[in-house]
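Please find one structure pasted underneath; my questions will follow.
The values are calculated or read from the model by the stated rules, or taken from the named source; none is laboratory data. Being a predicted model, the structure only gives us computed values, none of them experimental. Positions of Cβ are backbone-derived with ideal geometry, glycine not excepted, and every protein chain shown enters the neighbour counts. Side chains are part of the model used for accessible areas, which takes the heavy atoms of the whole protein and leaves out ligands, DNA and RNA. Shrake-Rupley method; radii C 1.70, N 1.55, O 1.52, S 1.80 Å.
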Amino acid sequence: MDEQVNEGLAALQGVVSQKMGRCILRLQQVELLTKAMLSYSSIEGPAEELSANLEKRKKALANKTLGQLTGEFVGSYVRPLEEDDTPEDLSADPRPCYFRMSWCVQLESDDHTNLKDALTNLVALRNDLVHHFVERFDVFSPDGCAAAITHLDAAFIEIDTQDRVLRTMAKAMDEVRQELGALLASEEGNDMFVYGIMPGGAPMHWPATTIVHWLQNAEQACAINGWTRLTDAIRHIELRNQGLTPRKYGCTTWRQLVHESKLFQTERRREQQAGGSALWYRSKPQL
């Protein structure tokens, strides 16, 4: 009889161990998934340092607890819909190509609160399983094992539920990344990121275009008493960016582009060495 009891208890203990292992493994999956989403949620730095900065971010998250990860997750990655999402100013890094990209999920206030509470409860559940399980359940008695099995089944349902929520977010994030990658590899993407031309035939937003930035840069380098001779500006730009031409922006000449942008004041001056006259420009005062 004692052998039968011991065998029965051992079998119950085996079930407890199996179900505990199932919970812990799924919790570790949740932790790894959260780290992965946070790692890629914000990438920033000079272009040549992006890859190294990503690795630094991964290392910074590697040793954080599930509780710490959850706090960052619901504080930066998942935000209330009404929260101001205006990006901070970029670093004043002097190198020319500085890049910042961030991802987040915005939820209605109640949905954000519910998710935050659910993940907070998940952390508490994890801590209870890891630190207090044997205190709560007598796994050396059949009744204690039965209670433990019931608790672990309910715990796994809760863990699995939150795991599915996170995987849905991760899947959406991955799909957006793939779409962005396809855009970057396309001609439209190249026009947008290299030349500042919005895709889809959108009206030209001249202040954001690369060619206007170069004209403004040429002003700083070539201006005389606050005005810049357009031919000097063109020469300055062509020496540094030979592929940049007005035709990319639907203009046949630099003069046409200056007028089309409506960002510059112009005046024509009589100059003997310029064949009779030359066009000078300067940026209009910002209102």
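Computed FRET efficiency, Cβ-Cβ of residue 286 and residue 52, R0 25 Å: what is it to the nearest 0.05?
Working: r = 37 Å, r/R0 = 1.47.
My answer for the efficiency is 0.10.
While we're on this one: Report residue 110's accessible area, 1.4 Å probe, all protein chains in place, as a number in Å² to the nearest 10.
Here the accessible area works out near 110 Å².
Taking θ as phi - 60°, what are the ³J(HN,Hα) couplings along the stretch 151-159 by the Karplus curve (6.51, -1.76, 1.60), each to the nearest whole Hz, with x for Gly and Pro?
The phi angles translate into 5, 5, 5, 5, 5, 5, 4, 5, 4 Hz.
I'm a student and want to see the number: the projected area of the Cα convex hull of the stretch 20-76, averaged over all directions, in nm². Let's see the in-between values first.
Values: hull surface 16.5 nm².
With every direction weighted equally, the projected area is 4.1 nm².
Output needed: percent of Cα pairs per 5 Å distance bin for the stretch 170-287, bins running from 0 to the one holding the longest distance.
2, 10, 18, 20, 16, 11, 7, 6, 4, 2, 1, 1, 0, 0
Hey, can you grab everything whose amide H is under 5 Å from the amide H of residue 271? Only 5+ residues off in sequence or another chain; H modelled, so Pro and N-termini drop out.
HN-HN under 5 Å from residue 271: 276, 277, 278.
Moving on. Please report the Cα spread of the stretch 226-287 along all three principal axes, rounded to whole Å, starting with the longest.
The Cα atoms of the stretch 226-287 stretch 32, 31, 20 Å along the principal axes, largest first.
Sorted by accessible area (1.4 Å probe), largest first, how do 176, 16 line up? The partial results should precede the final answer.
Numbers: 176 70, 16 10 Å².
Result, largest first: 176, 16.
Follow-up question, since we're still on this one. Tell me the accessible surface of residue 33 in square angstrom (1.4 angstrom probe, heavy atoms of protein chains only), to the nearest ten.
30 Å²
For the chain, what D do you get in µm² per second when you plug the Kirkwood radius from alpha-carbon pairs into Stokes-Einstein at 20 °C and 1.002 mPa s?
Values: Rh = 24.5 Å.
For the chosen part, D equals 87 µm²/s.
Once the dipole of the chain is set up with Lys and Arg at +1 and Asp and Glu at -1 on Cβ about the Cα centre, which of 68, 211, 78 lies farthest towards its positive end?
211
Give me, ordered by chain and number, the residues 5 or more places off residue 196 or on other chains with an amide H under 5 Å from its own placed amide H.
210
At 1.4 Å probe size, put 17, 42 in order of accessible surface, largest to smallest. It would help to have the intermediate numbers written out before the result.
Working: 17 80, 42 50 Å².
Correct descending sequence by accessible area is 17, 42.
Next question. For residue 78, what residues show an amide H to amide H distance below 5 Å, using hydrogens built from the backbone and excluding near sequence neighbours?
Counting only residues 5 or more places away or on other chains, the set is 105.
Taking residue 116 as the anchor, which lysines have their alpha carbon closer than 29 Å to its alpha carbon, excluding any fewer than eight residues away along the same chain?
19, 35, 56, 58, 59, 64, 171
Can you compute the charge dipole magnitude of the chain about its Cα centre, using +1 on each Lys and Arg Cβ and -1 on each Asp and Glu Cβ, nothing else charged? Give it in debye, rounded to the nearest 20. Walk me through the intermediate numbers first.
Details: 31 positive and 40 negative charges, 431 e Å.
Charge dipole of the chain: 2060 debye, to the nearest 20.
Which value, in Å² rounded to 10, gives the accessible area of residue 222 with a 1.4 Å probe and all protein chains present?
Number for this one is 30 Å².
In whole Å, what is the distance between the alpha-carbon centres of the stretch 208-229 and the stretch 10-57?
50 Å
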